[in-house]
Structure formats: structure tokens, C-alpha cells
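S.K.: Quick one: this structure, given as C-alpha cells, is what I'll be asking you about.
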Amino acid sequence: MSDSQVMAGAGLGGFEWLSRRWLNIFGFLVCLGGLGVALFAQFHLGMEPCPLCIFQRLALAALGLLFLTAALHDPRGWGAKVYGALIDLTAFLGMAVAARQVWLQHLPPDEVPRCGPGLDYMLQTFPLTETIREVLSGSGECAKVETLLGLSIPEWTLMLFLGLGVMGLLGNWRLRR
């Protein structure tokens, strides 16, 4: 191993082999796995997604596409920093949606918003901006708590977005190409 290779991995605690490309591939695979778990929960466990759940899936898909694009492009310097910032921004938006649903799930029953129309109906009837506003305001179906290993699905998703956001930002800003 050359001196430059050793210096490139210095401070990474023995992870000299880790590069931005591998980190971004890993991020993409985690997003793909998260979407797979969501589809498994929907189609095999019977957990119907509410509109906020669907928005979280869209954010996870967008995050996965950013990780994949960053892995395929594998830019140097400021290009990697741009990918890191975009990944972090997308993860933050996903965290915001998940946090909104966690908040709704912890409301007292008498303060839970009424159930609204389904997302399909809203997309066909309302303008897109009004649909987004209605979904983000939440509804009674979004306050329903479905748990997996002791945590609600949005709590798991919130942690997933947090981890992917930190990993994507720091990895693309600090790791070598």
C-alpha cells in the first residue's frame, strides 16, 4: 500500500478500503431494502400505507436514486460535496415527513385530525400544491400506529433517514474517491 493510500484512509479507524463509491452503493442498497420492507409490510402483512407513508416512500426512492447517481458518477472535489448536500437535503425532507407522522401518532385521541380522502382521490381532484398541503397536515389514518419490533413504522423511517443523511453527507464530503 502506498503512502498516499494510507493517508487517504487515515482517521477512518481501519476503513481504508472504504470509498465514496462503495458508501453510495451501500446507501442505494439500504434505500432499496427499505422500500422492499415497505412493500412486504403492505402486501404480505396487510399494513395499508397512509398518504404520509407514501410520501416517505417517495423520499426514500429519491434518496436511493441520489445515492445511485452519486455512485455511478463518482465525482471529485466539489461535485462529491454537491451530492452529499443533495442527499442530506432529501434525507431531511424524509425526516420531516416521518417526524410529522410520529407527532400525529403521539397526539391524544381527541386531537387527532379527521380522516380525509385517499391520496388517489386528492391527486385526481385537487391541484398538486393543495394535495401536498392536505397530506402534510395529516389525517386520522396517519395517526394509526403499526409497530415493528417495538417502534412504529414512521419511527423506524425517521431513524433510517437520519442515518442515511449523516452517512451521505459525511461520506461524500470526507471520503476519498
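Values in this text are rule-based calculations from the coordinates and carry no lab data. Fair warning: this is a prediction, and the values are worked out from it, not measured in the lab. FYI the Cβ positions are ideal-geometry reconstructions off the backbone, even for glycines, and counts take in every protein chain you see.
S.K.: If packing is taken as the mean number of other Cβ atoms within 10 Å per residue, what is the order of 69-78, 87-96, highest first?
M.R.: On the way: 69-78: 13.9, 87-96: 20.7.
Going by the mean number of other Cβ atoms within 10 Å, highest first, we get 87-96, 69-78.
S.K.: Here is a follow-up. Mind listing the phi-derived Karplus ³J(HN,Hα) values for region 24-35, rounded to whole Hz, using 6.51, -1.76 and 1.60 with θ = phi - 60°, and x for any glycine or proline?
M.R.: Per-residue couplings from phi come out as 5, 5, 4, x, 4, 5, 5, 4, 4, x, x, 5 Hz.
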